[in-house]
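Scroll down for the structure; my scribbles are underneath it.
The values are calculated or read from the model by the stated rules, or taken from the named source; none is laboratory data. These numbers come from a predicted model, not from an experiment. Note: ideal-geometry Cβ built from the backbone for every residue, glycine included; neighbour counts use all protein chains shown.
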Amino acid sequence: MKLKPVNKWIQVELPEVAEQEDTVFILPEDYAKPQEQHKLVKVLSSCEEYSPGDMIIVQTHLISDVEVKGKTFHFVLKNHVMAIVED
């Protein structure tokens with residue numbers, strides 16, 4: 001399935017999370033692992049100035065997850081892009 005973003009939305013791909021070894025720690029029950037404030041993501045499709053494959057930096061809490069037919073897609077608004085990473 002392919003989605004075409006409209007109205008200044010950008011479809012992005014999140015980086016894969018590397019699996020870590022299980023380690024045993026005693027933590028409070030209400031402990032939550034701190035979330036990264038920013039994330040480097042890959043543009044999959046966009047209706048505006050970004051091209052598929054561009055790497056952009058966005059704030060993690062501004063990534064919207066949408067589930068369609070059992071598959072999760074990730075979107076960010078164009079004006080929430082902080083930077084384009086160029087090699």
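Go through (1) modelled with pLDDT of 90 or more; (2) in contact with a Lys or Arg (Cβ under 8 Å, 6 or more places away or on another chain); (3) not polar (S, T, N, Q) for PRO15 and report which single condition fails.
Looking at each condition in turn, PRO15 falls short on (1).
From the residues in the range 1-19 that are of a type outside the set (S, T, N, Q) and not in a loop (DSSP other than H, G, I, E, B), which one is farthest from the chain's Cα centre (by Cα)?
Out of the qualifying residues, it is TRP9.
In the range 20-42, is there at least one residue being of a type in the set (A, V, I, L, M, F, W, C) and part of a strand (DSSP E or B)?
Yes, the range 20-42 contains at least one residue that is of a type in the set (A, V, I, L, M, F, W, C) and part of a strand (DSSP E or B).
Mind listing whichever residues of the range 57-79 are under 18 Å from ASN7 (Cβ atoms), surrounded by 10 or more Cβ atoms within 10 Å (Cβ to Cβ) and among the aliphatic types (A, V, I, L, M)?
VAL58, LEU62, ILE63, VAL66, VAL76, LEU77
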